[in-house]
Amino acid sequence: MRSPGTSPARWSLEPAAHSIWEWLAAAACVLLGVTLILNIHPIGDGMWFWYAVDLRHGVRLYRDLHLALQPLYVLCTAAFQSVFGVSWLASKVFPLVQLLALTFVLVRLGRCLPFAAWQRALLTTIAFLLILQPSTYRFDDYHVTSDVFTLTSLLLLLLLGSRPRTSTTVARFSFFMGVGAGLAAMTRLNDGAALGVGVSLALLLLYPRRAIAALSSVVAGVVVAWGAVLLLARETPADWWQYSIRAASQIKGGTGNILYTPVLLPYHLLLNSLSWKTPVAFAIVAGLFVATREVQRRYRSGVAWLTYAAVWAAVLLALCAPLVYHTQVQTPLELVVRVTVFVGLVAAVGVVVWCVLWLLRGRPALPRPTFALLLLPLWHLLGGALTASNALPDPYLSLSMLVFLLPLLVTVTQAQALVIPVLANLVLVGSIIAAGKLRNPYFWWTYDDGPVYRDRVWYHHPQLGPMYIESQQLALMSELCARVNTGPAPHDLLSMPFPYANYFCGIAPWRGYVQTWYDTSSAATIHTLIGQLQTAPPHWIAYEYDPVAVTGHEITYHQGKPMAHRELKDLVVHKIESGEWTLRQHTCSRMSEWVLIETLRVPDAENGLRSRFDPKGGVCRPDL
């Protein structure tokens, strides 16, 4: 056991024993995660599915498909398809594994905290909720894979602190951290690069006398991970570099645009916190902290604490209930989450700057070694900024790491004295996040999934088996696929920008065009597609008309200059309005505006729908 009052430099970070609270926390995380896995089924799905199918059929991801993403998630999806099949329920096995892996790592990190079992369980659950906070977060996505590798590396650093500081031990742990960084890079390049740099700098500060063994082991682990993934994907390093790094950087606006964005991170962080509501949120946070601290200091009886907890629970229910039942409710309380992020990250940056100044003064080592661990959340945030351009990257994984690290920066006595007031605030933050995820489990551009278990039905798909799907989405795709599959041959289908129509209709993407999304497909690919559409188009085109997304990506990555995707959009609109192509269906699924186009001239072409495109894309979006 750790003795009260000892500094973190003397802490033994050996995990605590199992407890029933730990199992309850894990069960709560898994229950919420399974709910999200079942209810998130946006109409923009299908990309990972078709990339994995192509890979299993011998298609090269880079040489043939010119993939601009990293290959590990596709490899994992293909492996699970080979074992479990391609049904909708089978596609949920990999997300479930990712959910269990994330929960396991968080629970293990929670055991390193010097608190009571119920307090560790609460902090673990809140860290899980913080990771879920981004509106785009879902378990069938590569962000979860990368997050698991990052958190595992943090856990290895904590466990290494309780092992003998021999060269062999440091090298072994460093190698596995290097493997984690390499696998993270082959999942999401910027996350892996940030993890590799953060781990290397932390090891250099923590074990300066073992620096050569540690850093060489990290490099060896990265090389082994990269080599293994490329070997399994049957790709050459040259093709991987050409399409997933060089071409991908051009899609994001060029190397210069990518590298300068982390420099502007403090500005974007401050800009996102400027609002008249921010003082209100600060007042709520500070008031709750002071009130809880006073109750903790003045009252020791269980009755007083139960009364305070009951009042606090009633207030919490009153504040969070509208977030669940009314989708349009806006409240200053939601800014509590943003303020918490701001305060936590500013504290982390401050400590890191203090460590640098300490070392520049010629000090032999850090006064508290755990300070070096803050490099992981800080570098992860900087890595996220690489692809965020002029926007603030999602800082919630960094904040969840701070939940486990900040208590280790003070003495055990100080941490235990502050944990109750801090928990009161974090429970508020976690409750807001949970209520928001139940209300709106997923939202990205026009892909919007409504409240969980509402307006959804179980549908038995002819090829994909049972699936849980929103009623409006099912109606749209059923009508679309009926037209494509029962109409005149050929039944080839191009679905843009994502292959969900191919997925639902059971038709492979035309000529291998799995996706044409605006920041994951190159200008060369789009120009090639435009040429093919002008000379020999497919019979059917399912197109999500979204000029807002096109304009948004032009502003974000290309200083407002037109992208090749705008030429593609203009071509589709021109062909329809000129009568060369026939508009067969024009439907909304929540905020997504979908059109089905028949490109072949058929006898009843005059019976096609009349074009009613809105240049602003407002047919399905009343907010525009």
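The values are calculated or read from the model by the stated rules, or taken from the named source; none is laboratory data. Every value quoted in this text rests on a predicted model; they were computed, and no experiment measured them. In this analysis, Cβ positions are derived from the backbone assuming ideal geometry, glycine residues included, and neighbour counts consider all displayed protein chains. Keep in mind that these areas ignore ligands, DNA and RNA; they rest on the heavy atoms of the full protein, side chains included. Shrake-Rupley method; radii C 1.70, N 1.55, O 1.52, S 1.80 Å.
Packing-based ranking of 136-148, 155-167 yields 136-148, 155-167, ordered from highest to lowest mean Cβ neighbour count within 10 Å.
The alpha-carbon of LYS437 sits under 18 angstrom from the alpha-carbons of these aspartates and glutamates, leaving out residues fewer than 8 places away in its chain: ASP140, ASP141, GLU334, ASP394, ASP448, ASP449, ASP455, GLU470. Based on the Stokes-Einstein relation at 4 °C and a viscosity of 1.567 mPa s, and on the Kirkwood radius from alpha carbon pairs, region 453-598 is assigned a translational diffusion coefficient of 80 µm²/s. The orientation-averaged shadow of the Cα convex hull for region 36-182, equal to a quarter of the hull surface, comes to 11.3 nm². If you average 1/r across every pair of different Cα atoms in region 56-106 and take the reciprocal, what Kirkwood value do you get, in Å? 12.4 Å is the Kirkwood radius here. Per residue, region 368-500 exposes an accessible area of 33 Å² to a 1.4 Å probe, with every protein chain left in place. By the rule of a C-alpha distance below 17 Å, with chain neighbours fewer than 8 residues away ignored, the aspartates and glutamates paired with LYS569 are ASP519, GLU544, ASP546, GLU554, GLU577, GLU580, GLU593, GLU598, ASP614. Quick check: from the Cα gyration tensor, does region 115-268 come out rounded (a/c under 1.5), prolate or oblate? It is oblate, given that a/c is not under 1.5 and a/b is not larger than b/c. The order of the peptides 593-600, 119-126 by mean Cβ neighbours within 10 Å, most packed first, is 119-126, 593-600. Using the empirical formula 2.2 N^0.38 Å as the baseline, the Cα radius of gyration of region 414-515 reaches a ratio of 1.66. Can you classify region 85-144 as rounded, prolate or oblate using the Cα gyration tensor, where a ≥ b ≥ c are the square roots of its eigenvalues, rounded means a/c under 1.5, and otherwise it's prolate if a/b beats b/c and oblate if not? It comes out prolate by the Cα gyration axes. Only protein atoms count toward the accessible area here, which uses a 1.4 Å probe; on region 392-484, the carbon and sulfur part of that area reaches 61 percent.
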